[in-house]
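Engineer: I'd like to ask some things about the structure below.
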Amino acid sequence: MSKILVIEQDPEWLNYLKKAIVPPHNLGFWPNGKDVAVRLRQEDYEIVLLSLQIEQEDSFSLLRRIQFVNPHTPVVVISEIEEAGLIVKAVKEGAFDFIAKPFSKEKILLSIERALENRHLRDEIDYLRHEQDIIYDFDRIIAHSPSMKQTITTLKKFSKTDSTILITGETGTGKSFLSGSVHFNSSRHKKPFIKINCANIPETLLESELFGHEKGAFTGATKMRVGRLEQGKGGTVFLDEIGEMNPAMQAKLLRVLEEKSFERVGGNKTIHSDVRIIAATNRKPEEQVAEGRFREDLYYRLNVLRVHLPPLRKRKECIEPLASFLLNRTCSNLKKNMEGFSTEAMEALKAYSWPGNIRQLANTIERAAILEESHLVQIENIILSEPIKGTPKAESTSHTELRSIKSQEKEMILGALEESLWVQKEAATLLDISPRALNYKIKKLGIIHPHWRKNK
């Protein structure tokens, strides 16, 4: 049921609206609009129907008052006069719709329906923004290890500035999520936050994705396209896997960082866009610079503020709380009621080295929750890259370090394959080896996947 406030002095139109607008709508009447602010504060109306009193010196004073008290409430203005200037002024003053008398029942009901949709959309956006604030709250991030606590403290300081940030760390450590935390805790939080994975977009399309293109710039460019850097004006652009960017694109990105300007592909008009750049890579940028694969000047431009995310195996204290959080989230999505993990299952999670980091942990827990039929996740449903025999004991650091090279290599390859959804070409890119070399290692280590058997 929707509550609608009607401000109308004409008795005939009041009676007409009473007959036209029937349940589930609930009408409230305030004929002359006097002290409307008090009424709006006392009751929560979803829509206001406001009849303009043209004879008044300022017929829009009531509209402004309603907008001031409750800016999210759509106001449908009703008028006896239909003039272009009057309609334009009403819209500028904040009216959602303008209807001229006489109007049909269908027309007023359609306007009310559209106004309700607008109100509900605004409420949903506000809710999502509130939820987003909670999600990206630094104090809610699970950081139990000393290294992660220090990382969060550093990122809190970085979020107060507009400087460029470079985040390094292995795939799956949470670089993308933490870049969002920086944005939503910065002065730019009301502006766009745009994520671009440089490794997932072909080189030929990345330039158009970032800078946009003009109509006719290349085959298939049937219309002008605004690039992501332009869309993100005033906000933050997160460039994931920046180390995969080719030299030509690196030069153009350098200009963006230095001048805050660029041209669309095929255009000569200079576009100015104030964006904050947060870049991330799972590679070692210093090594890429030394090898000539990454521009030194761009590296220094990106490396203004630097933070490194430790892998999950280096922050064992975070595994249990992370696992519990991920299980609760998964169960909420699956609409399952589970209490947690058995002792053996949790020990297995703690003992594993997690080459795919948090992303692999999330996938493992989701799979376990789907398979599990009891109130606790049991060890047999914790499916890791290597079979777990019996109840594992927590590994010490020295045991992990002494693990055979072959075992470590297998874990790294399995982590990359899981990360790339078992697409060998993409996994090879993550591991920085050729697909041919990866295929050799897969056969050598005896790694198999059900889908591959069909291709034998």
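The values are calculated or read from the model by the stated rules, or taken from the named source; none is laboratory data. Every value quoted in this text rests on a predicted model; they were computed, and no experiment measured them. As a convention, Cβ positions derive from the backbone with ideal geometry for all residues, glycine included, and neighbour counts pool all protein chains shown.
Engineer: Under the condition of being farther than 17 Å from LYS260 by Cα and among the small types (Gly, Ala, Ser), which residue from the stretch 209-234 is surrounded by the most Cβ atoms within 10 Å (Cβ to Cβ)?
Structural biologist: ALA217
Engineer: Which one is surrounded by the most Cβ atoms within 10 Å (Cβ to Cβ) among residues in the stretch 334-384 that are assigned to a loop (DSSP other than H, G, I, E, B) and of a type in the set (S, T, N, Q)?
Structural biologist: SER353
Engineer: When you go through PHE262, PHE294 one by one, which is the residue that is crowded, with 17+ Cβ neighbours inside 10 Å and in a loop (DSSP other than H, G, I, E, B)?
Structural biologist: Unique residue meeting the criteria: PHE294.
Engineer: Separate question: Using the structure shown, decide if ALA199 is of a type in the set (Gly, Ala, Ser) and in contact with a Ser or Thr (Cβ under 7 Å, 6 or more places away or on another chain).
Structural biologist: So ALA199 passes the test.
Engineer: Of the residues LEU178, LEU166, LEU205, LEU239, which is in a helix (DSSP H, G or I), of a type in the set (A, V, I, L, M, F, W, C) and modelled with pLDDT of 90 or more?
Structural biologist: LEU178
Engineer: Which condition does LEU40 not pass, out of (1) at pLDDT below 80; (2) surrounded by 15 or more Cβ atoms within 10 Å (Cβ to Cβ); (3) not in a helix (DSSP H, G or I), if it passes all the others?
Structural biologist: (3)
Engineer: Next up: Which one is farthest from ARG140 (Cα to Cα) among residues in the stretch 318-333 that are crowded, with 18+ Cβ neighbours inside 10 Å and within 19 Å of the chain's Cα centre (by Cα)?
Structural biologist: Looking at the filtered set, the residue picked out is THR330.
Engineer: Going by the conditions given, is ALA280 of a type outside the set (Ser, Thr, Tyr), in contact with an Asp or Glu (Cβ under 7 Å, 6 or more places away or on another chain), closer than 20 Å to ILE152 by Cβ and not in a loop (DSSP other than H, G, I, E, B)?
Structural biologist: yes
Engineer: Out of all the residues in the stretch 79-113, which are charged (D, E, K, R) and touching a Pro at 6+ places or on another chain (Cβ under 8 Å)?
Structural biologist: ASP97
Engineer: On the basis of being touching a residue at least 40 places away in the same chain (Cβ under 8 Å) and farther than 16 Å from LYS3 by Cα, does LYS107 make the cut?
Structural biologist: Spelling it out, it is not the case that LYS107 is touching a residue at least 40 places away in the same chain (Cβ under 8 Å) and farther than 16 Å from LYS3 by Cα.
Engineer: Consider the stretch 266-277. How many of its residues are part of a strand (DSSP E or B) and either in contact with a Gly (Cβ under 7 Å, 6 or more places away or on another chain) or over 23 Å from ASN200 (Cα atoms) (or both)?
Structural biologist: Summing the residues that are part of a strand (DSSP E or B) and either in contact with a Gly (Cβ under 7 Å, 6 or more places away or on another chain) or over 23 Å from ASN200 (Cα atoms) (or both) in the stretch 266-277 gives 3.
Engineer: Considering only residues that are surrounded by fewer than 19 Cβ atoms within 10 Å (Cβ to Cβ) and out of contact with any helix residue (DSSP H, G or I) (no Cβ under 8 Å at 6 or more places or on another chain), look in the stretch 181-202 and name the one that is modelled with the highest pLDDT.
Structural biologist: Going through the qualifying residues, I end up with SER187.
To keep it simple, each residue is scored yes or no on (1) farther than 29 Å from SER342 by Cα; (2) touching a helix residue (DSSP H, G or I) at 6+ places or on another chain (Cβ under 6 Å); (3) modelled with pLDDT under 85.
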site: TRP354; (1), (2), (3): no, yes, no
site: THR364; (1), (2), (3): no, no, no
site: GLU373; (1), (2), (3): no, no, no
site: LEU402; (1), (2), (3): no, no, yes
site: SER420; (1), (2), (3): yes, yes, yes
site: ILE447; (1), (2), (3): no, no, yes
